[in-house]
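The values are calculated or read from the model by the stated rules, or taken from the named source; none is laboratory data. Quick caveat, the model's predicted, so the values are computed rather than measured. We place every Cβ from the backbone using ideal geometry, glycine too, and count neighbours over all the protein chains shown.
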Amino acid sequence: MPQKRALVVDDSRSARVALQKLLQQYDIAVSFAESGEEAIDFLKHQETDVIFMDHSMPGMDGFEAVSVIKSDPRTAMIPVMMYTAKEGEVYVGQARALGALGVLPKQVQPGVLYEMLLKLGLVRERRAGRRRRAADPAAPAAAPSASQDATDRLLERQALGASIQALVTRTLQDQHLELRSDILASNRDFAKRVAEEIHARQQADEELRRLDVPPPRGPGRLGAALIALLLLLPAGILGFLFLEARADRNAAHVETARLAEELAVQSGVVDALRAELRDRVDAERLEAGGRYHELVDALQWAVNQDNTYGFDDIPFDDVRLERLRELLDRLAGIGFRGTVQLDAHLGEFCLAQDGAGGYRPADPEVAVTECAQHGYPPGLADGLSERQSVSFANFLASSPLLADGAIEVRVRARDPRESVRRYSFPASIRTAGEWNEVARLNQRVEFSLIPAE
């Protein structure tokens, strides 16, 4: 039996040497490749009977190398065993799908390697076993171990896969040859039909020359004139269209210039109208503002008419409340935004003592010089101008007219010394009645409308 050859592809030197020692026991010559690229280059120039392929290598990995080897018709039939530490059914399935026969672990047992080589026909059956069986034919054969059975089944499946792959390869080669034969036959039929058609045309030409058929006569003068006219007619049409297009273009330029001039005039008119409208709006705004302020002043004057309160009354009572509510309604109607200020003033009444130790307005016929007090006493004046009725206080706290914050109501109590005297006290006043009439007019609540800025 000629010596068999094996190619070990692995980037690990120790793994290559370990497998080499096992293979040399079966008289198998071993060659090395340290990468997938080196193995493919080796197979271009050398032959081998089996390939042991590592998976993880720099550059091209084992699966990529197997795919290249199986796609080349020269190397597709070489058995490939993955020689790797990877394991598992998924990995074995991937390896077989690419064309590998199976997977051998890096720490492969010699018996497993021998059985695989035996299935591939790379080694002969061990003679010792044959001699024992020949010497004692009746002796029962030793029961195969479980590992040997598993190895046999594995190698049988791998051999079956290799046979199927070889059958598929031969089938594809046969189909390729059949297709090539059909294409060549089709080309030959096409060439034959073309040659027959050329031959028939040549025979027809020979027949015409043999009969000496005269060539057709050329056109006369009239025909030549018609031909010239037909040739000149498109040029004339093109020239007419060119002149018409140029006239249209000139007319378009004139119309464009006219429209531009008209647009400039219209733009000037629009600018003038815009300026006039802006001036009119400004004037109306000023006029409206003037009317607005006039209306506010009129409301302020009206609300301050007859706004006095008596000597024993409080300034911010229900009478002032109704007047304030009506004023706020009118201000909201004209869109007023700002402050409504209420100032309470005290009059300087001519007072006389009553029987209880207090003060009251003096009798009208009493002389002014006999008044016990002019103006509220300090104890009575304190807090008098700040007093509010319950309804007035509740209105300021919860009125919807004040909820949005557009109008604010501010209440102030003026000190008697700061109270503006609307009416003076002339020197001609003689009696307490005349004096107290002026004091009554000065005792008032004054409304001030202050628009927001």
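Details
- Residue that is farthest from S391 (Cα to Cα) [pool: residues in region 293-349 that are of a type in the set (A, V, I, L, M) and not in a helix (DSSP H, G or I)]: I334
- Flag if A302 is in contact (Cβ under 8 Å) with a residue 40 or more places away in the chain, hydrophobic (A, V, I, L, M, F, W, C) and surrounded by 12 or more Cβ atoms within 10 Å (Cβ to Cβ): no
- The set of residues in region 99-117 that are over 14 Å from V9 (Cβ atoms), in contact (Cβ under 8 Å) with a residue 24 or more places away in the chain and not acidic (D, E) comprises G99, L101, G102, V108, Q109, P110, G111, V112, L113, Y114, M116, L117.
- Members of region 331-369 found to be of a type in the set (D, E) and modelled with pLDDT of 90 or more, listed by number: D343, D363, E365
- Residue selected from region 387-400 under the condition under 23 Å from Y309 (Cβ atoms) and part of a helix (DSSP H, G or I), by the criterion nearest to the chain's Cα centre (by Cα): A397
- Residue that is surrounded by the most Cβ atoms within 10 Å (Cβ to Cβ), among those in region 11-57 that are assigned to a strand (DSSP E or B), of a type in the set (V, I, T) and within 60 Å of the chain's Cα centre (by Cα): I51
- Here L328 fulfils each of the conditions (1) loosely packed, with under 11 Cβ neighbours inside 10 Å; (2) in contact (Cβ under 8 Å) with a residue 40 or more places away in the chain apart from (1).
- Selection over region 209-225 of residues that are surrounded by 10 or more Cβ atoms within 10 Å (Cβ to Cβ) and at pLDDT 70 or above gives a count of 1.
- Only listed residue being modelled with pLDDT under 90, surrounded by 12 or more Cβ atoms within 10 Å (Cβ to Cβ) and basic (K, R), chosen from R410, R444, R421, R417: R421
- Residue in region 390-407 that is in contact with a Phe, Trp or Tyr (Cβ under 6 Å, 6 or more places away or on another chain), among the polar types (S, T, N, Q) and at pLDDT 85 or above present: no
Yes/no per residue for (1) of a type in the set (S, T, N, Q); (2) touching a Leu at 6+ places or on another chain (Cβ under 7 Å); (3) surrounded by 10 or more Cβ atoms within 10 Å (Cβ to Cβ):
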{"site": "G236", "(1), (2), (3)": "no, no, yes"}
{"site": "R246", "(1), (2), (3)": "no, no, yes"}
{"site": "V270", "(1), (2), (3)": "no, no, yes"}
{"site": "V296", "(1), (2), (3)": "no, yes, yes"}
{"site": "D306", "(1), (2), (3)": "no, no, no"}
{"site": "D312", "(1), (2), (3)": "no, no, no"}
{"site": "G333", "(1), (2), (3)": "no, no, no"}
